Structure formats: structure tokens, C-alpha cells
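Working notes, beginning with the structure itself.
The values are calculated or read from the model by the stated rules, or taken from the named source; none is laboratory data. Predicted model, so just to flag it, every value in this text is computed and none were measured. Note: ideal-geometry Cβ built from the backbone for every residue, glycine included; neighbour counts use all protein chains shown. Ligands, DNA and RNA are excluded from the accessible area calculation, which covers all protein heavy atoms including side chains. Shrake-Rupley method; radii C 1.70, N 1.55, O 1.52, S 1.80 Å.
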Amino acid sequence: MHNKSVAELSAGLQKGEFSSEELTQAYLERIETLDKNLNSFITVTAEQALTAARNADQMRQAGKAGSLTGIPVAQKDIFCTEGVRTSCGSKMLDNFISPYNATVVERLNAAGMVMLGKTNMDEFAMGSSNENSYYGPVRNPWDQKAVPGGSSGGSAAAVAAQIAPLATGTDTGGSIRQPASLCGVTGLKPTYGRISRYGMIAFASSLDQAGPLARSAEDAAMVLNAMAGFDPHDSTSVDREVPDYTANLTESIEGLRIGLPAEFFAEGLDDGIANVIQAALKEYEKMGAKLVDISLPNSGLSVPTYYVVAPAECSSNLSRFDGVRFGYRCDDPLDLEDLYKRSRGEGFGAEVKRRIMIGTYALSAGYYDAYYLKAQQLRRLISDDFRQAFEQVDVIMGPTAPSVAFDIGEKSDDPVSMYLSDIYTIAVNLAGLPGMSIPAGFVDNRPVGLQVIGNYFTESRLLNVAHQYQLATNWHRQVPPGYE
Amino acid sequence: MSLDADEVDKIAHLARLAIDDKDVPEYATNLSNILELVEQMSAVDTTGVEPMAHPLELAQRLREDEVSESNQREHFQECAPKVERGLYLVPKVIE
């Protein structure tokens with residue numbers, strides 16, 4: 001059953017070939033045997049999953065089933081789940097049983113989906129390798145020595161290993177697309193505001209956006225239908241109609257104008273990756289697309305800009321963790337300041353502390369103009385580059401990441417080299433645009449992702465463009481050895 | 001931009017983070033490297049560029065000033081480290 005697409009699973013449930021309880025049991029057994037090694041789940045909610053599956057089966061018998069009813073899903077441990085630990089990959093929240101559900105969780109529950117558990121992630125979504133988790137690193141199913149990418153590393157690894165048919169993720173600077181690329185799965189970061197952030201533990205609020213990780217664009221489209229939509233609980237949620245994202249998948253892409261930014265193919269890109277991306281572009285030409293050379297002249301400054309904006313917002317957001325209302329509290333505080341300082345010092349990991357300090361510094365008196373204001377001005381220039389590009393082209397393509405999955409430990413002592421893993425994904429978050437990563441080949445037996453970037457609210461177009469490629473190629477169907 | 005140990009201590013204090021003395025040199029090195037990366041921003045002249053605070057630049061949505069939530073204090077305090085009679089407990093702040 002675990003080899004089937006979500007559409008096939010949905011059809012199987014509808015025809016009565018298997019029940020949701022059987023399907024859920026099958027995935028739970030795969031998690032039990034295969035995840036000991038991968039470490040892609042922080043919490044497996046087996047009992048609740050089987051109860052939810054039986055409810056889904058009853059919904060179906062009552063004639064109330066939708067296309068996702070009874071389909072299992074893994075939730076990134078950044079989404080609050082009522083009654084279930086929501087750790088965000090941190091010691092700070094190791095004891096946190098959320099008193100409410102995130103809107104994404106509510107929406108998928110309402111669609112009748114069955115949550116298998118909570119996936120591993122870099123602490124507070126800060127990282128590109130999943131090594132910053134309090135619960136230990138996740139292994140890449142394609143190579144035990146390699147990282148799965150991050151921060152949604154557990155979600156990407158679980159989908160790649162087929163121990164979950166679908167997973168949720170969040171993407172602040174590439175945290176859906178980069179692990180999707182490194183694990184060989186399909187990941188979509190929608191337009192900022194498309195999916196509610198309510199109950200999604202905040203990292204950098206002007207950049208954070210949730211999205212699906214799946215084995216194909218079609219599967220991603222099905223779950224995006226349930227995730228997207230206006231939410232009065234999120235002040236930046238966009239009140240705009242949600243189309244049926246599966247409706248345009250089969251449209252021809254004849255005449256599609258694909259922009260290729262010179263900056264995405266310049267120095268720093270691995271030769272093997274460049275070859276894989278060129279082969280994918282040839283495939284698109286065969287389908288009738290036109291390649292157009294474009295430039296995003298300020299995109300080279302997206303990493304420095306991001307490492308002011310994101311830490312500044314994180315230093316503010318993470319000030320809520322004070323050892324008083326929820327989360328970790330140090331033992332025997334001497335006074336209130338000692339309570340704050342030691343609870344935070346002991347509860348947060350090194351990378352989180354670094355980013356809080358960078359943000360605190362950038363926002364402190366005397367430095368605000370040089371750092372934060374400057375970064376916001378550059379954000380405007382980076383965003384304007386995309387606006388101009390989309391006057392000439394329909395989508396933009398390039399690599400998702402500059403290299404394939406690196407080895408565990410290879411970059412963990414060098415934050416700046418880790419940050420450069422996201423050089424092609426970060427600009428998209430600064431502009432608030434939608435972006436995808438789809439599997440396009442391999443280098444040294446490790447997966448390579450093709451990034452597809454669209455204009456605001458063109459998720460349907462992106463999914464169509466990705467689906468057409470997946471009809472013509474088999475890269476998305478590859479399964480890591482041992483997980484067939 | 002290079003940070004020394006005193007500056008790291010000062011920033012850690014502003015951020016209310018206890019940092020072990022033995023870890024300060026490593027933080028100083030890493031934070032300095034990150035700031036060096038950030039310094040690349042100065043390569044572009046941004047005089048007169050309107051700062052962009054938010055990707056969608058929509059006006060903040062307003063709603064009627066009506067009660068929309070019920071009181072769930074006990075439920076929300078279940079996950080608190082220390083509460084008594086509905087109050088969060090902290091070390092004594094007034095002598």
C-alpha cells in the first residue's frame with residue numbers, strides 16, 4: 001500500500017479495497033521498523049492515529065468521505081497539536097503539551113486525515129541539516145551518512161522512505177524546498193499568507209509559511225486544497241478564494257516561458273547539479289516551453305539580508321520563552337532575572353542562541369539603521385527583481401540547493417557555510433513568492449531538486465508545471481534502497 | 001565587524017540568555033563570522049529605497065471590538081511550570 005500515490009490510496013479506500021485502519025496500521029508498522037534508524041519522528045501517535053482511522057472509516061460508511069478522508073499524514077513538530085507534545089525540536093518545549101490545535105492541524109483533521117505523529121526538525125526551524133534538533137539528527141534515507149536537509153528534515157525523510165504518504169512542513173528560508181531536494185521528494189512553499197500560521201510556532205513571522213511535502217505534485221495539490229484558506233486567527237492570512245489545485249494539473253505547458261536567472265547558474269554551483277538542471281530544462285523544451293535568460297541582480301545579497309531580518313524577528317518572537325508560562329524552567333532560580341536567563345540559556349540550543357543574539361544586536365540602539373533598516377531596503381530591491389522578471393516570464397527555474405545532501409557533521413561547526421545551503425531559496429521568502437522543489441535526478445546517488453518559482457498566488461500554475469514534468473519523467477518515483 | 005567577549009556578554013544580557021564563560025570565545029567567533037557575512041549588504045547603495053517590512057504590504061485587518069474567545073485560564077495553565085490559585089509563580093521581586 002505504501003507505494004501508492006495519494007490519489008490511488010484515496011481510490012482504494014473508496015472502493016473498499018482496504019480500510020483506513022488497515023492503511024494506518026501498515027504505515028505505523030513501517031515507522032516502527034524503519035524509523036529506528038532514520039529518526040524522522042519525534043513522537044508517534046499510534047493510538048490516536050488508529051482511533052482517527054476508525055472515525056474516518058465511519059465517515060466513509062456514512063457517505064461523508066472526501067478525497068483525503070482516512071489518508072495518513074505526518075505533522076512537522078512545529079504545529080501545535082492539542083493533547084500531544086509539540087516540541088519544535090527544542091529542549092525548551094520538550095514538556096509542552098499543546099492546549100490547542102494549529103489551524104493546519106484543524107483543517108487536515110476536518111478533512112478526515114489521520115495524523116501518524118510529529119516529525120523531527122531543526123530546533124525552532126533554525127537549520128538546514130536537521131542536526132540542530134534536541135532529539136538528534138535525522139538520517140537521509142538515500143544515504144545513512146548524509147543529512148536530510150532542514151529544517152523540515154523529518155518530514156522530507158519520512159515521505160522519501162515511504163513511512164508517511166504526506167507530511168507538512170514550514171519554510172522560512174528554504175525549510176521545505178531544501179530538504180525536499182536533498183531527500184528526492186516534492187515540496188511546495190506557497191505564497192506568504194496562503195496557509196494560516198495560527199498555532200505554527202513562530203520563527204520569523206514575515207517569512208514563515210507552511211506547505212506540503214509529498215511524493216508528487218498531484219499528491220501535494222490534493223493536500224494543499226485542505227491546507228490553504230483564510231483564517232481570522234492569523235492577522236496576515238490572505239482572504240482570497242482557494243482554487244481546486246488539482247484542476248489544472250493536466251493542462252499543456254506549450255509556450256510556457258521559463259526564466260533562468262544568470263545568478264542561479266553562476267560560480268558556487270556544483271557541476272553535477274548544473275548538468276541535472278540542464279537536462280530537466282531540455283525536458284521542458286521538449287514539452288514546448290521556451291527558455292528565457294533573465295537576471296535577479298540583487299539575489300546575491302539575499303543570504304546577508306535574511307540573516308538580519310530572520311534573526312531580528314526571531315529574537316522578538318522567542319522572547320515569549322521565559323520559564324514562566326510554559327516550557328522549560330531552570331531549577332532553583334535565585335531571582336527573576338536568573339529565572340529568565342538560565343531557563344533560556346539551558347532550554348535553547350547553540351544555533352537558536354546565536355540567532356537570538358544576532359537579532360538582538362541588529363535591533364539594539366545605534367545599530368538599527370545599519371542592519372535592520374538596510375536589510376529591509378535590500379529586501380525591497382530583491383523583491384523588485386522578481387517583479388520585473390515576472391513581466392517577461394511565467395515561472396523561474398534553477399537548482400533548489402547548491403549541492404546534494406552533505407554528510408552529517410560536515411558543516412555543523414561552521415554556521416556561515418551552513419547558511420549558504422539556502423542561497424537559491426531565501427530570496428523567494430524575502431519576496432513572499434511561492435516556490436517548489438521537484439526531484440530531477442541524482443549526483444553520486446544523492447537526489448537533486450529542481451526549483452520552480454512562480455508569481456504571487458500562482459500555486460496552480462507551479463503544480464501544473466511540476467506535474468507535467470512528472471508525467472514525462474520518473475525521478476519522483478525513485479525509492480531509496482531498503483525502503484521499497 | 002568583530003565582537004569581543006565583553007560585547008558577547010552584553011548582547012547575551014540584553015537577550016536574557018545565560019552563556020557559560022567557557023563558551024563565550026566560540027560565540028564571539030561565530031557571531032563575528034555571521035556579522036561579516038551580513039556586512040556584504042553595504043556593497044549596494046540603498047539611498048532612497050523604501051524599506052519593505054512585509055511581503056504582501058496589506059493594511060492590518062481590523063475587527064469589531066467584541067469578545068470572541070472564552071476564558072480558558074485553567075486549561076492554558078496546565079502546561080505552566082508553577083501556578084497557584086490561577087497565578088503564575090516567579091521568584092520574589094519585591095522585598
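Things worth noting here:
- Distance between the stretch A:293-369 and the stretch A:452-484 - C-alpha centres, whole angstrom: 35
- Low-density loop positions, trypsin sites (Lys or Arg not before Pro), the stretch A:166-268 - DSSP coil, at most 15 other Cβ in 10 Å: A:R240
- For the pair A:D444 and A:K286 in one chain, pulling the backbone fully straight at 0.36 nm per residue adds 54.2 nm over the alpha carbon distance.
- Accessible area of the protein assembly as shown divided out per residue, in Å², using a probe of 1.4 angstrom: 39
- For the pair the stretch B:22-75 and the stretch A:177-241, the centres of their Cα atoms are 20 angstrom apart.
- Interface B-A: total buried accessible area of about 5200 Å², 1.4 Å probe, protein heavy atoms only.
- These residues, A:V352, A:V479, go from largest to smallest accessible area, 1.4 Å probe, as A:V479, A:V352.
- The label point for A:D270 and the one for B:S42, both projected 7 Å from the Cα toward the Cβ, are 3.5 nm apart.
- Across peptide A:350-357, the mean count of Cβ atoms from other chains lying within 10 Å of each residue's own Cβ comes to 5.
- Straight-line cross-link partners of A:K286 among the lysines, defined as a Cα under 29 Å from its Cα and at least 8 positions apart when in the same chain: A:K4, A:K189.
- Rounded if a/c under 1.5, otherwise prolate or oblate - chain B, Cα gyration tensor axes: oblate
- In a DSSP loop and with at most 10 other Cβ atoms within 10 Å, there are no GluC sites (Glu not before Pro) in the stretch A:13-121.
- For the protein assembly as shown, the gyration tensor built on C-alpha atoms gives an oblate shape. Its axis ratio a/c (a ≥ b ≥ c) is at least 1.5, and a/b is not larger than b/c.
- Burial order of peptide ranges A:60-69, B:73-82 (average beta-carbon count within 10 Å, highest first): A:60-69, B:73-82
- Counting only residues at least eight positions apart within a chain, or on another chain, the lysines with an alpha carbon under 22 Å from that of A:K290 are A:K282.
- Accessible area in the full protein assembly, largest first, 1.4 Å probe, for A:D94, B:D6: B:D6, A:D94
- Straight-line cross-link reach from B:K92 at under 29 Å between alpha-carbon atoms covers these lysines, not counting any fewer than eight positions away in the same chain: A:K91, A:K341, A:K353, B:K10, B:K82.
- Going from the chain on its own to the full set of protein chains, the stretch A:234-267 has these residues losing 30 Å² or more of accessible surface (heavy atoms, 1.4 Å probe, no ligands, DNA or RNA): A:S235.
- Each listed q (0.24 Å⁻¹) maps to a log10 I(q)/I(0) for the stretch A:300-376, found by the Debye formula over equal Cα scatterers with no solvent: -1.02.
- Between B:T29 and B:E69, the distance separating the two model label sites (each 7 Å from Cα on the Cα→Cβ line) works out to 4.5 nm.
- Global geometry of the stretch A:161-256, whether rounded, prolate or oblate, following the gyration tensor of its Cα atoms and the 1.5 cut on a/c: oblate
- Carbon plus sulfur fraction of accessible area for the protein assembly as shown, probe 1.4 Å, in percent: 48
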